[in-house]
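Novice: Below is one structure. I have some questions about it.
The values are calculated or read from the model by the stated rules, or taken from the named source; none is laboratory data. Predicted, not measured: the structure shown is a model, and the values here were computed from it. Cβ coordinates were reconstructed from backbone atoms using ideal geometry, including for glycine residues, and neighbour counts include every protein chain displayed.
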Amino acid sequence: MSQLAIKWIKRISFILILIIVSFSLVTFASSSPKFGLPINCNLGKNCYIMHYVDHDPTSKEIDFNCGRQTYDTHNGTDFGIPNLQVMKQGIPVISIADGIVLRLRDGVADHLVASESDKKATEGQECGNGLVIKHEDGWESQYCHLKQNSIVVKNGMKVKKGTILGMVGSSGLASFPHVHLSLRQDGKIVDPFVGITEETGCQMPKKPLWEKSLNYIPTGLIEGGFAPEIPSQKKLWEGKFYHSQINIKSPQLIFWIHAFGVLENDEESFQLINPNNQVIINQKQPINKSSRSWMSYVGKNNKSTLEKGLWIGKYQLKRGNKIMINLEQKININ
Ligand SMILES: [Zn+2]
């Protein structure tokens, strides 16, 4: 090969390398950031996503996966915890990326919004105790409904991804204990499950912004257990029957479940088994109305005292042949 040819090959290779390097740099710079979770918990174990961002531009609602686990105009993702007793133990809210605390509010009482007047009382303070963090490239994250007096950062403070900001609470317009995360770029809401898009609806291509891929779980268990009386959803959110003890003379033995994202025509089945291994209750029923949050139970009225020993409750929620929730819960009655 002539000297001239070698010279040209070297030049062309150099130019090619230059092109590849600049292309990767541009791609890297314009690639979307990756965000961590806003809560320090084990998703699917002791916390869950209750609501996603609403992608329907009308008064209806649709989540990014064409499901109904959102409500009209909901502009963030709600990470829930089982009840107020768990909230009291303290579940940390953490920063989803490095940044600076832009503004915050604390001092709002925790409560469960259950009525229209409760809702009205939160007007102007819907976010409750919350804060906004400014990140690079025009990104902002907002965290809402933190526990009263739990915010541990100050305005202007630098935070890292994972820095504890405060604790999950139920302040502002919250009907259950959770942290609401809103993500914005240049002031515009972005669904972290979708990435930046101009499209509405749920058919758009998705480039999630989470650093670890998150499964879409529209249906699941919040918790299940036993109670000595018929529960209400409010009492379940309060954690009234969380780790409850049942007295042997209790007039009722109730096996309950608290779930999210049930759909019409799902089928639920309950079994209650006594310490002699006898099936006391065996009940199957269709769900007659889709619901974002769901409570159901079976129970036994006690004419005398309950049998001593280990009682077992079994629950299944099925959609067609698919098992959506499967729970076995035990309680020792002495
Ligand atoms: Zn929310």
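Novice: Quick check on my filter: what residues within the stretch 45-82 are in contact with a strand residue (DSSP E or B) (Cβ under 7 Å, 6 or more places away or on another chain) and away from the ligand (no atom under 16 Å from the Cβ)?
Specialist: The answer is Pro82, and nothing else.
Novice: A further question follows. Of the conditions (1) within 22 Å of Cys47 (Cα to Cα); (2) within 16 Å of the ligand (Cβ to nearest atom), Ile151 fails just one. Which one is it?
Specialist: Result: Ile151 passes all but (2).
Novice: Condition first: under 22 Å from the mean Cα position of the chain (by Cα) and in a loop (DSSP other than H, G, I, E, B). Now tell me which residues in the stretch 145-159 satisfy that.
Specialist: Once the filter is applied, which keeps residues that are under 22 Å from the mean Cα position of the chain (by Cα) and in a loop (DSSP other than H, G, I, E, B), the stretch 145-159 yields Lys147, Gln148, Ser150, Ile151.
Novice: For the stretch 198-225, which positions are surrounded by 13 or more Cβ atoms within 10 Å (Cβ to Cβ), part of a loop (DSSP other than H, G, I, E, B) and in contact with a His (Cβ under 9 Å, 6 or more places away or on another chain)?
Specialist: Within the stretch 198-225, Thr200, Cys202, Met204 qualify.
Novice: Does the stretch 161-192 hold any residues that are surrounded by fewer than 22 Cβ atoms within 10 Å (Cβ to Cβ), more than 14 Å from the ligand (Cβ to nearest atom) and closer than 30 Å to His258 by Cβ, and which are they?
Specialist: Result: Gly162, Ile164.
Novice: For Asp106, state whether it is away from the ligand (no atom under 16 Å from the Cβ) and of a type in the set (Asp, Glu).
Specialist: Yes; evaluated as a whole, the condition is true for this residue.
Novice: Could you please let me know if Gln142 is more than 20 Å from the chain's Cα centre (by Cα) and either in a loop (DSSP other than H, G, I, E, B) or within 16 Å of the ligand (Cβ to nearest atom) (or both)?
Specialist: no
Novice: Got a number for residues in the stretch 63-77 being surrounded by fewer than 22 Cβ atoms within 10 Å (Cβ to Cβ) and not aromatic (Phe, Trp, Tyr)?
Specialist: Of the residues in the stretch 63-77, 8 are surrounded by fewer than 22 Cβ atoms within 10 Å (Cβ to Cβ) and not aromatic (Phe, Trp, Tyr).
Novice: Same structure, new question: Which members of the stretch 247-269 meet the condition of being among the hydrophobic types (A, V, I, L, M, F, W, C) and surrounded by 21 or more Cβ atoms within 10 Å (Cβ to Cβ)?
Specialist: Leu253, Ile254, Phe255, Trp256, Ile257, Ala259, Phe260, Val262, listed by residue number.
Novice: Which one of Ser290, Ser244, Ser269, Ser232 is among the hydroxyl-bearing types (Ser, Thr, Tyr) and touching an Asp or Glu at 6+ places or on another chain (Cβ under 7 Å)?
Specialist: One residue alone meets the criteria, Ser290.
Novice: Turning to a different aspect of this structure: Does Gly225 qualify as being under 17 Å from Phe260 (Cβ atoms) and at pLDDT 95 or above?
Specialist: So Gly225 fits the description; yes.
Novice: Additional query: Kindly establish whether Leu165 is more than 22 Å from Trp237 (Cα to Cα) and in a strand (DSSP E or B). Walk me through it before giving the result.
Specialist: Details: more than 22 Å from Trp237 (Cα to Cα): yes; in a strand (DSSP E or B): yes.
Judged against the criteria, Leu165 is a match.
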